[in-house]
Amino acid sequence: MIENTIIQDIFRYKKPLSTIPIWFMRQAGRYLPEYREIRKKAGSFNSLCYNSDYAEEVTLQPIRRFDIDAAIIFSDILVIPNALGQNLTVTENIGVSLEPSIKDAKAIQKLESQNVSDCDNFLQPVYEAIAKVRQSLDKDKSLFGFCGAPFTISSYMIAGKPDKELSETCQFYYQNKKLFFQLIEILCSYCIRHLCNQIKAGADIVQIFESMGGMIPAKLIKECSINPIQKICDGVKKEYPHIPIILFAKGTASYFKEYIDNCNIDALSIDTQTDIALAVKNIPSDIVLQGNLDPFLLCVGNSKMLEEEVNYILHNCRNRAFIFNLGHGIIKHTNPIHVEETIKYVRLWSKNNGYNN
Ligand code: 1CP
């Protein structure tokens, strides 16, 4: 297992080191011409995602182009529902769908009767891709594995598509609370298994995406988000106590304390809706921070505003164990030159403030 990446050192020492590590959520994807080329060659998102050579290639593309400090395996939070029998379709300009959607007890029973090793086999290309990337990746760079948090995954499974307002997910919850938690339980165990398998294959850090966090009603946050994430962290830490876990729970700043107190997380990824200065003030210093440049600013690429915002983030995090990133994923219309420029500003700030680069 790789143990001396720049990012792992941040977790080991819990203080600023000689470099500020950088990576970008959704750093592989349509904004890169080299990704579009492979995507075309593969023919569909699924053929890309489940072909370990293609997945390896697109995972490494942003590393080659930007020389950043971490790769994140090219996959998706929806591979778990796909492995559990829902058909996953990603169509350009239309979006994602999962069919058939989960509507009743029969559908949940079907999920429950899935054979665990069949799911492992289905996801084997993801693990193979991880092993290949780890072989090619410099030893000082981290490789992220990831999964969605059970609530976020369940929202796609229940609606069969993005459930932006959680209208279908919350109605399902209120109508079939018992069934809903059966689904969450199933997802907890598959998330633990999927993260452990990714670590076994070579991932040296993992991130959990609760992308729908900000839409969860206050009354449901504890049982629908915090408890399942706690369960996943405990499950992963039991097998791999030294692998850092980062939580990106978008839109949940008012519950950061609850997440930290209850879940065994090592870092919080801060969204753009949260002022990084407040995060620094309110989050204990043994929790590593990651974030939080606005992906829309990155997309527009106004140099002066970009530099000012990078400086604001870095200045506020100057005494913290910190990983530079976005507040959410890169938008597909982003010019890769803006990413390069951002990296340049981070390096420039570091140099002017006594870091090695
Ligand atoms: O070529 C294409 O059109 C595919 C678009 C795409 C990509 C590039 C999808 C479908 N998934 C991915 C890759 C992906 N998804 C990665 C790895 C790439 C990287 O980060 O470099 C990761 C980490 C994800 C995670 C993911 N998928 C999340 C959580 C992160 C977030 O952005 O909040 C979510 C919510 C998804 C669902 C999903 N998969 C794909 C799309 C277009 C979506 C969003 C659907 C929606 O809610 O609108």
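The values are calculated or read from the model by the stated rules, or taken from the named source; none is laboratory data. Note that this is a predicted model, so its numbers are computed, not measured. Cβ coordinates were reconstructed from backbone atoms using ideal geometry, including for glycine residues, and neighbour counts include every protein chain displayed. The accessibility values were calculated without ligands, DNA or RNA, using every heavy atom of the protein model including side chains. Shrake-Rupley method; radii C 1.70, N 1.55, O 1.52, S 1.80 Å.
From the convex hull of the Cα coordinates of the stretch 1-51, what is the mean projected area in square nanometres? If I average the Cα hull's projected area over directions, I get 5.4 nm². Annotation: D266 carries an accessible surface of approximately 30 Å², with a 1.4 Å probe and no ligand, DNA or RNA atoms counted. Extension gain, D286-A105: 0.36 nm per intervening residue step, less the Cα-Cα distance, totals 60.9 nm. Amide H contacts of L293: N325, L326, G327, each under 5 Å away and 5 or more positions distant or on a separate chain (H built 1.01 Å from N in the peptide plane; Pro and chain starts excluded).
Suppose all protein chains stay in the model; what accessible area per residue would a 1.4 Å probe give for the chain, in Å²? Accessible area per residue: 42 Å². Taking packing as the residue-averaged number of other Cβ atoms within 10 angstrom, the listed peptides 169-177, 121-129, 320-328 run from highest to lowest as 320-328, 121-129, 169-177.
Using every pair of distinct Cα positions in the stretch 105-242, the Kirkwood expression returns a hydrodynamic radius of 16.0 angstrom. Dipole magnitude for the chain: computed about the Cα centre from +1 point charges on Lys and Arg Cβ and -1 point charges on Asp and Glu Cβ, it is near 200 debye.
Cα-based radius of gyration for the stretch 239-290, normalised by 2.2 N^0.38 Å, reads 1.09. When a/c is below 1.5 the answer is rounded, else prolate if a/b is larger than b/c, else oblate, so apply that to the stretch 1-108 with a ≥ b ≥ c taken from the square roots of the Cα gyration tensor eigenvalues. Here the stretch 1-108 falls in the oblate category. The phi torsions of the stretch 283-296, fed into the Karplus equation with coefficients 6.51, -1.76 and 1.60 and a -60° offset, translate into couplings of 9, x, 6, 7, 9, 5, 9, 9, x, 9, 4, 5, x, 6 Hz, rounded to whole numbers, with Gly and Pro shown as x. Less than 5 angstrom separates the built amide H of G148 from those of F209, all sequence-distant by 5 or more or on a different chain. To put it simply, the accessible area of the chain at a 1.4 Å probe is 49 percent carbon and sulfur.
Each semi-axis of the equivalent ellipsoid for the stretch 195-270 is √(5λ) with λ an eigenvalue of the Cα gyration tensor; in descending order they amount to 22, 12, 10 Å. When shorter helices are ignored and each DSSP H run of at least 4 residues is given -39500 (n - 2.57), the per-residue value for the chain at 222 nm works out to -15000 deg cm²/dmol.
Using the empirical formula 2.2 N^0.38 Å as the baseline, the Cα radius of gyration of the stretch 258-357 reaches a ratio of 1.09. For the stretch 1-98, the residue among L98, L78, I22 whose Cα projects farthest onto the positive side of the dipole built from Cβ charges is I22. Annotation: average projected area of the chain is 16.0 square nanometres, based on the convex hull of Cα atoms across all directions.
The relative contact order of the chain comes to 21 percent, based on Cα pairs under 8 Å that sit 6 or more residues apart.
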